[in-house]
1. Could you tell me which residue of region 193-251 is nearest to residue 273 (Cα to Cα), considering only residues that are basic (Lys, Arg) and over 25 Å from the mean Cα position of the chain (by Cα)?
2. Give the number of residues within region 275-309 that are within 21 Å of the chain's Cα centre (by Cα) and either farther than 26 Å from residue 215 by Cβ or acidic (Asp, Glu) (or both).
3. Residue by residue through region 182-230, note down the ones that are of a type in the set (A, V, I, L, M, F, W, C) and either touching a Pro at 6+ places or on another chain (Cβ under 7 Å) or closer than 18 Å to residue 361 by Cβ (or both).
4. Determine whether residue 200 is surrounded by fewer than 21 Cβ atoms within 10 Å (Cβ to Cβ) and within 30 Å of residue 102 (Cβ to Cβ).
5. Taking the options 189, 217, name whichever one is of a type in the set (Val, Ile, Thr) and surrounded by fewer than 18 Cβ atoms within 10 Å (Cβ to Cβ).
6. Which residue, of 284, 368, 344, is touching a Ser or Thr at 6+ places or on another chain (Cβ under 6 Å) and either surrounded by fewer than 24 Cβ atoms within 10 Å (Cβ to Cβ) or aliphatic (A, V, I, L, M) (or both)?
7. When the residues of region 68-121 are filtered to those that are modelled with pLDDT under 95 and of a type in the set (D, E, K, R), which remaining residue is nearest to residue 254 (Cα to Cα)?
8. Is region 39-56 home to any residue that is closer than 21 Å to residue 11 by Cα, of a type in the set (D, E, K, R), in contact (Cβ under 8 Å) with a residue 12 or more places away in the chain and out of contact with any Leu (no Cβ under 9 Å at 6 or more places or on another chain)?
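The values are calculated or read from the model by the stated rules, or taken from the named source; none is laboratory data. These numbers were taken from a predicted model, which means no experiment stands behind them. Counting neighbours? That spans all protein chains shown, and the Cβs are built from the backbone with ideal geometry, glycine included.
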Amino acid sequence: MSSGDQIIGLMQRQQYAEAATLAAELARQAPHDPGAQELAARALYELGELILARSFLERSFALGNQSAAALHLKSRICMELGDPAGSLAAIETILVREPQSAFYHGVYGQQQLKAGDLPGARASLLRSLALNPREIAAFATLSRLPGEPLAGHCAFVESLLESGQLTADDELRAHFALALQYERLQDETRQFAHLAAMNAKKRRQVSFDAARSRADTLRMIEHYPAQLLRQVAPDQPPASPVIFVYGFPRSGTTLVEQVLAAHPEVAAAGETSAFMQAVMAVAGPNCGVDATAAFVDLADPGVRDRIRQGYQARVPQLTTGLRVTDKSPENFMLAGLIPAVLPGARLVHVRRNPVATCYSNYQQLYFGGAVPYAYSLEEGVSRYGDYRLVSAHWEAALPGKVHAVDYEQLVAAPERTARALLEFCGLPFHPDCLAPAANRGAVNTASSVQVRQGIHGKSVNRWRRHAAHLGPLLTLEN
């Protein structure tokens with residue numbers, strides 16, 4: 001087996017750290033091989049090392065590589081690094097060469113959505129389906145956009161599901177899309193039949209152990225006691241440019257980030273796992289099993305410095321001279337470490353009705369193994385319990401360092417809520433913060449459609465009409 005095949009095999013098994021190490025070494029041994037440079041970029045991208053991935057990909061292009069696969073990877077990297085224009089240009093280059101490619105018209109629509117061009121996205125996705133009605137990824141993305149339901153195409157996709165002609169990934173996308181379409185068609189029976197099918201199939205692909213998750217959470221609370229956190233987090237720290245926005249997934253973190261990003265003194269880093277990656281790189285094998293937990297010696301200044309340096313290397317927006325938003329919902333597990341590592345960073349905790357939050361997760365089809373507890377109502381409830389426990393610990397241990405934003409209050413009283421948020425972050429009020437839909441920065445999250453529709457309360461009580469299907473979640477209201 002060649003080194004390239006070995007690296008590809010590791011990536012297929014989601015062993016990204018080992019794949020990236022081997023691929024980077026192969027690229028260094030073959031500095032004039034554009035394929036080796038692209039493979040290193042791909043492995044590093046999967047690992048989340050976007051800046052390094054970009055550097056290897058640029059070497060590949062400099063060596064003459066202009067393959068569609070390389071340009072597609074460039075598009076993904078650019079979008080995640082906050083360069084939507086570069087992302088779209090890469091796909092446009094492909095479409096000039098392959099104007100009849102249903103796949104790349106679909107990809108273009110997905111990237112237009114992330115860039116905030118909803119009409120353009122809809123047109124591209126419809127073009128993709130016109131070229132090939134079997135482009136299920138395009139149908140899934142189109143189903144997220146506002147517009148009339150596509151009843152005829154639903155029937156066609158139902159027939160594909162029944163025939164067994166779809167790949168496993170396309171089966172998941174089909175169930176996801178059909179659930180959204182049938183909700184729009186007010187066919188609750190079919191909606192929840194497809195939700196149940198999607199979640200059951202996806203749950204078999206991911207790993208989550210509620211008992212281990214709870215054990216990791218309790219160990220985090222024990223490992224980082226209040227006395228330690230207060231000792232290593234100075235009361236009057238120097239100013240840090242970073243505003244961390246976190247909360248349970250689907251709680252409204254993207255909307256809050258976009259409210260902040262609309263401010264002229266703020267640059268959005270987007271949804272980044274940079275802090276988590278920096279902590280886990282230092283923790284090494286001393287990480288949690290199923291929770292996003294890591295156990296380091298926070299009392300050691302050297303450990304804090306290594307985490308800080310690792311974080312700064314992963315966030316290019318820190319060089320802009322502006323305040324920077326870092327939005328990662330699952331930083332809730334590590335939020336208490338942030339004041340010690342980045343003194344003066346602002347912590348913004350977004351909260352939402354727990355039933356609405358967990359139901360919204362159950363409706364999502366996440367990439368890869370992300371949010372593995374989303375696909376079971378019972379596991380969603382359990383993980384939400386972990387979130388409540390650790391969040392309460394951080395806020396009790398670090399009084400005054402965490403600002404809570406309630407999603408329901410934000411949509412009911414946007415200006416009052418935004419003013420309080422900006423004051424906490426040390427920013428003057430700016431009216432643009434009340435119009436986040438006008439912000440044309442990239443949004444790479446499951447909320448990319450919702451935030452382009454402005455601040456509204458349409459989703460606040462939507463779950464109530466489906467309460468009969470949500471039995472386990474209703475315990476969260478107690």
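1. Step one: of region 193-251, the residues basic (Lys, Arg) are 201-204, 212, 214, 219, 230, 250.
Applying the additional criterion that residues be over 25 Å from the mean Cα position of the chain (by Cα) yields 219, 230.
On the way: 219: 21, 230: 25 Å.
Within region 193-251, the match that is nearest to residue 273 (Cα to Cα) is 219.
2. Final tally of qualifying residues: 1.
3. The first filter runs over region 182-230 and keeps only residues of a type in the set (A, V, I, L, M, F, W, C), leaving 185, 192-193, 195-198, 200, 206, 208, 210-211, 215, 218, 220-221, 226, 228-229.
Scanning region 182-230 gives 185, 192, 195, 196, 197, 198, 200, 206, 208, 210.
4. Considered against the rule, which asks whether it is surrounded by fewer than 21 Cβ atoms within 10 Å (Cβ to Cβ) and within 30 Å of residue 102 (Cβ to Cβ), residue 200 comes out as yes.
5. Values: 217 fails: surrounded by fewer than 18 Cβ atoms within 10 Å (Cβ to Cβ).
Checking each option against the conditions leaves just 189.
6. Working: 284 fails: touching a Ser or Thr at 6+ places or on another chain (Cβ under 6 Å); 368 fails: touching a Ser or Thr at 6+ places or on another chain (Cβ under 6 Å).
Among 284, 368, 344, only 344 is touching a Ser or Thr at 6+ places or on another chain (Cβ under 6 Å) and either surrounded by fewer than 24 Cβ atoms within 10 Å (Cβ to Cβ) or aliphatic (A, V, I, L, M) (or both).
7. Step by step, filter region 68-121, then rank; the result is 114.
8. From region 39-56, those closer than 21 Å to residue 11 by Cα are 39-56; that's our starting set.
Next, only the ones that are of a type in the set (D, E, K, R) stay: 42, 46, 49, 54.
Still in the list and also in contact (Cβ under 8 Å) with a residue 12 or more places away in the chain: 42, 46, 49, 54.
Checking the rest, the ones that are also out of contact with any Leu (no Cβ under 9 Å at 6 or more places or on another chain) come to 46, 49.
Checked region 39-56: at least one residue is closer than 21 Å to residue 11 by Cα, of a type in the set (D, E, K, R), in contact (Cβ under 8 Å) with a residue 12 or more places away in the chain and out of contact with any Leu (no Cβ under 9 Å at 6 or more places or on another chain).
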